[in-house]
Every structure is written in C-alpha cells, then in structure tokens.
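Structure first, then comments.
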Amino acid sequence: MTKRDKRVAVLSPIAWRTPPRQYGAWETVASNITEGLVARGWDVTLFASRDSVTRAHLHAVVDKGYEEDSAVDPKVAEYLHISEAFERAAEFDLIHSHYDFMALTYTRLVKTPVLTTIHGFSSAKIMPVYQKYRDGYFVSISDSDRAAGLNYLATVYNGIDLSLYPLQEASGDDLIFLGRIHPDKGVHLAIEVARLSGMRLIIAGIIQDQAYFREQVKPHLDDQNTLYIGPVGVPGKNELFARARALLHLNTIPERFGLVLVEANAAGVPVIARDLGSCREVIKDGQTGFLVDNVTEAVRALGRISEIDRRTCRSRVGQYFSIDTMVEGYERVYAMIFDLEAKRRP
C-alpha cells in the first residue's frame with residue numbers, strides 16, 4: 001500500500017479563502033496540510049471556497065468565504081459546504097475535517113472514517129456535540145487544549161511554511177501585536193506594557209469585538225506611540241517582523257496553539273507571552289522568548305530580550321513547527337486510522 005492508494009478529503013472552513021489573504025488561522029492550517037500532503041504524494045481533494053488556491057483537487061460549492069461576501073448567508077454556505085463533502089464521502093478513504101463540531105454531526109451517516117482536528121473549543125455550549133461523538137477520531141493541536149473523554153489519537157502541532165517568513169537578523173525598535181482585537185488576546189495588556197516600557201506598539205489584526213476596541217484600544221491610539229494598522233497578510237507581517245524587538249501575546253485565556261507565535265519565531269522575533277495554555281509548548285522560555293504571568297513581568301522580560309538568539313528562534317520552528325513535521329505527524333495518524341478500520345472489517 002502506497003500513499004497514492006489512499007484518497008484524502010480535507011474539509012476546510014469557508015469563513016475565508018484557503019489559504020486566507022489575511023486573517024484565517026484554521027484555513028491556513030488546512031492549506032498547509034493539503035499542500036504538504038500533495039508534495040508527499042497523496043491524492044488529496046480540498047473542499048474549500050472556489051477562489052481557494054491549491055495544488056490538490058479543489059471542490060467547491062461556495063464562490064467566496066462568507067466573511068468576504070456579505071451577500072452570502074453564513075449558515076447556508078456552511079451547510080451546503082459540509083453536506084457536499086459528506087455526500088461524496090464514498091469517493092475517499094478518509095475525510096480530514098477542520099470544521100469544528102458541525103461536521104461531527106455527519107460522521108455517523110457515512111462509512112468513510114473521519115478525522116477531526118480540534119482547533120479549539122470556542123464555548124462550553126458546543127461540548128454536547130463533542131461528547132455525543134466522543135468515540136470518533138480526534139487530533140489536538142496542543143497537549144494543553146484537550147477535553148476529557150474524547151478519543152484523541154495524537155497531538156500534532158500546527159506547521160507553517162518557513163519560506164514565507166525570512167529571518168530578520170537585526171532587532172527592530174518596536175513592539176508588535178498580531179491577532180484578533182478581542183479581550184481574549186489581551187491587546188489592552190500589550191498597550192500597558194508598551195506604555196510602561198516607553199516603547200512604540202504597532203497593533204495589527206481584525207477587530208472581532210467592536211465594543212472592546214472602542215473602549216479599551218481606540219482611546220490609546222495616537223499614531224505615534226500606539227498605532228493600529230488593521231489586518232495584514234504575509235507581506236504585512238514581514239514588514240512588522242522587520243521592525244519588531246518583540247511580539248507581545250498577553251492572552252487572557254489559555255491559548256489553544258498560537259500560530260502567530262510560530263510565525264514570529266520563524267522570522268527570528270522573540271515572543272513575550274502569558275504562561276497560559278499552549279504557550280509553554282510553543283515558546284521555549286528563555287530561548288525563543290519569555291513566559292510571564294502579568295504586565296510587570298512582561299516589562300521586566302523586555303529588559304532581557306537581547307538574551308534571545310534570533311537564529312535559535314527560527315531553528316526551533318524548523319524542528320517542531322514546520323509543514324513537513326506536521327504532515328509527518330498526520331501521516332502517522334492516518335496510518336493508525338487505516339489499521340483500526342481494517343481490523344473492524346469482517
């Protein structure tokens with residue numbers, strides 16, 4: 001049995017294009033897995049929006065991501081998209097879903113095994129679905145982001161394309177924040193760290209909580225010491241990395257994985273992150289950044305940022321968080337599933 005003997009469907013989210021133009025972490029990971037599998041000889045069909053870019057077979061029923069087309073009803077798009085994949089399930093040996101709890105409700109209606117990568121639990125309200133389908137096949141993206149009782153086969157860390165993020169050998173002068181403008185991501189804490197340290201802060205990302213932005217971010221924007229530049233794609237991220245002394249990631253809830261931490265480290269930028277959730281797995285304290293508990297510790301860590309070797313940051317990403325490392329992890333999981341399914345057949 002070779003890899004080409006197996007046909008894999010990758011079910012990507014459709015909030016954004018796969019890969020996304022700017023924001024879209026789940027679509028980014030689905031794209032990286034798809035392209036990595038194709039490069040290693042797998043027969044892959046990507047279920048994504050029609051404007052997606054891939055070397056795999058692309059199957060689409062929605063023209064654009066619903067976040068990019070206001071004429072599209074998100075729920076209608078989602079159910080047309082998910083049902084299409086499962087109605088074609090017999091064409092595949094495995095469906096690899098990145099569609100959260102919704103796709104789980106289809107899994108017992110098909111004979112094709114389904115692997116679900118859990119990119120995070122958005123709310124306790126969705127857990128009844130996971131509990132109902134707890135005997136399915138699951139992968140976590142960090143050891144810290146797991147729910148009791150689910151049939152986890154492995155933890156596979158998200159991987160990135162290192163070629164997209166060239167090493168920035170020289171430190172810049174600015175602090176940067178990259179991510180959703182939302183209380184969970186602690187933008188207000190980054191602003192406080194910048195104020196106390198006397199450094200400029202550049203904020204980039206989509207505004208996901210307008211009230212939070214209006215009340216806790218916007219009053220501090222002055223276009224000199226604290227700037228908000230909106231969402232950015234890969235070129236915009238690299239411009240920020242070239243100017244960065246450090247990335248601030250002062251999350252207020254346990255981090256599920258933190259793709260931006262890896263992207264920053266790939267460019268050699270040290271990360272100062274709160275020691276919550278997966279940050280301890282992604283950032284090596286004292287080597288690729290610093291783990292802190294509060295604003296005071298973050299300010300103190302900035303005073304030690306010169307201790308971090310930028311090449312070490314990039315080297316660790318290559319070892320643990322590259323596309324090849326991620327795809328190798330999923331290949332092992334796929335083999336487990338194929339073996340388990342073969343034993344179940346009469």
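The values are calculated or read from the model by the stated rules, or taken from the named source; none is laboratory data. Please read all numbers here as calculations on a predicted model, not as lab measurements. When we count neighbours, we look across all protein chains shown, and the Cβ atoms used for this are built from the backbone with ideal geometry, even at glycine. These accessible areas exclude ligands, DNA and RNA; they are computed on the full protein's heavy atoms, side chains included. Shrake-Rupley method; radii C 1.70, N 1.55, O 1.52, S 1.80 Å.
Listing for the model above:
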| quantity | calculated |
| --- | --- |
| Strands (runs of 3 or more DSSP E) lying entirely in the stretch 150-215 (those with 2 or more residues that are more than 20 Å from Cys279 (Cα to Cα) and in contact with a Ser or Thr (Cβ under 9 Å, 6 or more places away or on another chain)) | 201-204 |
| Residue check, Ala15 within 17 Å of the chain's Cα centre (by Cα), in contact (Cβ under 8 Å) with a residue 24 or more places away in the chain and in a loop (DSSP other than H, G, I, E, B) | yes |
| Residues satisfying the stated conditions in the stretch 297-312, i.e. closer than 21 Å to Asp184 by Cα, touching a residue at least 24 places away in the same chain (Cβ under 8 Å) and not small (Gly, Ala, Ser) | Val299 |
| Hits in the stretch 302-324 - residues which are within 21 Å of Ile176 (Cα to Cα) and either surrounded by fewer than 13 Cβ atoms within 10 Å (Cβ to Cβ) or β-branched (Val, Ile, Thr) (or both) | Gly303, Arg304, Ile305, Ser306, Glu307, Ile308, Arg311, Thr312, Val317 |
| Residue check for Glu239: without any contact (Cβ under 8 Å) to a residue 12 or more places away in the chain, assigned to a helix (DSSP H, G or I) and open to solvent by 70 Å² or more (accessible area, probe 1.4 Å) | yes |
| Pair list, Cβ under 6 Å, 6 or more apart: the stretch 130-149 residue closer than 22 Å to Ala30 by Cα, other residue open to solvent by 90 Å² or more (accessible area, probe 1.4 Å) and part of a loop (DSSP other than H, G, I, E, B) | Ser140/Arg146 |
| Looking only at the stretch 20-50, and only at residues there that are open to solvent by 40 Å² or more (accessible area, probe 1.4 Å) and within 19 Å of Ala85 (Cα to Cα), the one that is modelled with the lowest pLDDT | Trp26 |
| Which numbered condition Trp16 fails, given (1) modelled with pLDDT under 95; (2) surrounded by fewer than 23 Cβ atoms within 10 Å (Cβ to Cβ) | (2) |
| Unmet requirement for Val72, which otherwise passes all of (1) touching a Phe, Trp or Tyr at 6+ places or on another chain (Cβ under 7 Å); (2) of a type in the set (A, V, I, L, M, F, W, C); (3) at pLDDT 95 or above | (3) |
| Filter result (open to solvent by less than 20 Å² (accessible area, probe 1.4 Å), over 21 Å from Pro270 (Cβ atoms) and β-branched (Val, Ile, Thr)) within the stretch 132-185 | Val139, Ile141, Val156, Ile181 |
| Sole residue being out of contact with any helix residue (DSSP H, G or I) (no Cβ under 7 Å at 6 or more places or on another chain), among the small types (Gly, Ala, Ser), within 17 Å of Ala204 (Cβ to Cβ) and at pLDDT 95 or above, chosen from Gly172, Gly186 | Gly186 |
| Enumerated strands (runs of 3 or more DSSP E) restricted to the stretch 37-115, each holding at least 2 residues that are under 20 Å from the mean Cα position of the chain (by Cα) and touching a residue at least 60 places away in the same chain (Cβ under 8 Å) | 94-97 |
| In the stretch 189-223, the residues that are of a type in the set (A, V, I, L, M), in contact (Cβ under 8 Å) with a residue 24 or more places away in the chain, within 24 Å of Glu68 (Cβ to Cβ) and out of contact with any helix residue (DSSP H, G or I) (no Cβ under 7 Å at 6 or more places or on another chain) | Ile206 |
| The lone exception for Leu247 - which of (1) at negative phi; (2) open to solvent by 10 Å² or more (accessible area, probe 1.4 Å) it fails | (2) |
| Some residue of the stretch 242-253 being out of contact with any strand residue (DSSP E or B) (no Cβ under 9 Å at 6 or more places or on another chain), among the hydrophobic types (A, V, I, L, M, F, W, C) and within 28 Å of Val187 (Cβ to Cβ) | yes |
| Criterion violated by Leu58 - all others in (1) surrounded by fewer than 22 Cβ atoms within 10 Å (Cβ to Cβ); (2) within 22 Å of Val232 (Cα to Cα) satisfied | (2) |
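Quick grid of which residues meet (1) under 23 Å from Val262 (Cβ atoms); (2) open to solvent by 30 Å² or more (accessible area, probe 1.4 Å); (3) in contact with a strand residue (DSSP E or B) (Cβ under 8 Å, 6 or more places away or on another chain):
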| position | (1), (2), (3) |
| --- | --- |
| Ala190 | yes, no, yes |
| Leu196 | no, yes, no |
| Arg200 | no, yes, yes |
| Ile206 | yes, yes, yes |
| Asp209 | no, yes, yes |
| Tyr212 | no, no, yes |
| Gln216 | no, yes, no |
| Gln224 | no, yes, no |
| Pro235 | yes, yes, no |
